[in-house]
Amino acid sequence: MHHVDFATHLTPSPALSPDELRRLYRYPQDPTGGSWMRINFISSIDGAVAADGLSGGLSTPGDRLVFGVLRELADVVVVGAGTVRAEGYRGAKLDADATARRVSAGRSPVPPIAVVTRGADLDPQSPLFTDTATAPLILTTAAAPADRIAALTDAGARVLLLGNDSVPAGGIMSTLAELGLTRLLCEGGPGLFGDLIAADAVDELCLTTAPVLIGGHAPRIAVSSVAGRLSMRPAHQIVDDDGTLLTRWVRHRC
């Protein structure tokens, strides 16, 4: 059983140095099962996952700072195809210092983006393929059209087939672990997060609560056809000067 520091930190983020943030968000040294699935989301106070249809509409300076720290610490960024299309995803970008820290730790300069998509329905001319330093990974199914798979492969992607008709959420971790990618960071969307909950494949949630109310019909951060229940414990809470609440919740395993 690995050790996690559950001390609560309720402090303004300007008092925390980048080194302290990296310490607070570090991955466990010896995670259960060999891999660690971290989820990162932002929502409004009333639970909306987006403003004007995009999660970026909720973002705050503190959220963007932690977003960069989480990407620096991850081996791979996992994201659903719907989020890639809606948010205009491109390859991960880190500053020179963050890249140097990764390389000195024996990791790739930047984490690749791994896209979960049943039908390989992605545009090979999109920034995900044309604006990246590391080729994306495409986690898809045997049912995906062969011409789409060929087009994504020609665009430089590495395509991995995980299932027949749907990508099994529970197989994402093991598939990426075979590539040596064990520190996983999932950035959504809600459907993929919901599937991971139902598959009992979530170790941690990093949740930013933006200091706004949205109303409307925006979805919650996790949705799925099958409900699940995972017990979580708070690892830390950080309150920024603008009211942004940055929390980290870790799986409570008995």
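Could you identify the single residue in Ala151, Ala48, Ala142, Ala114 that is in contact with a helix residue (DSSP H, G or I) (Cβ under 9 Å, 6 or more places away or on another chain) and more than 30 Å from Asp242 (Cα to Cα)?
One residue alone meets the criteria, Ala114.
What is the number of the single condition among (1) under 21 Å from Pro136 (Cβ atoms); (2) under 13 Å from the mean Cα position of the chain (by Cα); (3) not polar (S, T, N, Q) that Glu204 does not meet?
(1)
From the list Asp147, Asp154, Asp131, which residue is open to solvent by less than 50 Å² (accessible area, probe 1.4 Å), among the charged types (D, E, K, R) and over 15 Å from the mean Cα position of the chain (by Cα)?
One residue alone meets the criteria, Asp131.
For a quick check of your reading: which helices (runs of 4 or more DSSP H) sit entirely within region 65-176 and have at least 1 residues that are at pLDDT 95 or above and closer than 21 Å to Ala222 by Cα?
Per the criteria, 81-87.
Filter region 39-65 down to the residues that are β-branched (Val, Ile, Thr) and either open to solvent by 10 Å² or more (accessible area, probe 1.4 Å) or at positive phi (or both) and list them by number.
Matches in region 39-65: Ile42, Ile45, Val49, Thr60.
Looking for whichever is without any contact (Cβ under 8 Å) to a residue 40 or more places away in the chain, in contact with a Lys or Arg (Cβ under 8 Å, 6 or more places away or on another chain), aliphatic (A, V, I, L, M) and crowded, with 17+ Cβ neighbours inside 10 Å here; the options are Leu122, Leu137, Leu94. Which one fits?
Criteria check complete, one pass: Leu94.
Among the listed residues Arg71, Arg101, Arg85, Arg107, which satisfies the condition of being out of contact with any helix residue (DSSP H, G or I) (no Cβ under 6 Å at 6 or more places or on another chain) and open to solvent by less than 40 Å² (accessible area, probe 1.4 Å)?
Arg71
Does region 183-192 hold any residues that are hydrophobic (A, V, I, L, M, F, W, C) and either without any contact (Cβ under 8 Å) to a residue 24 or more places away in the chain or open to solvent by less than 10 Å² (accessible area, probe 1.4 Å) (or both), and which are they?
Leu184, Leu185, Cys186
The values are calculated or read from the model by the stated rules, or taken from the named source; none is laboratory data. Values in this document were obtained by computation on a predicted structure and should not be read as measured data. For neighbour counting, all protein chains shown are included, and Cβ atoms are generated from backbone atoms with ideal geometry for every residue, glycine included. Accessible surface areas use protein heavy atoms only, side chains included; no ligands, DNA or RNA. Shrake-Rupley method; radii C 1.70, N 1.55, O 1.52, S 1.80 Å.
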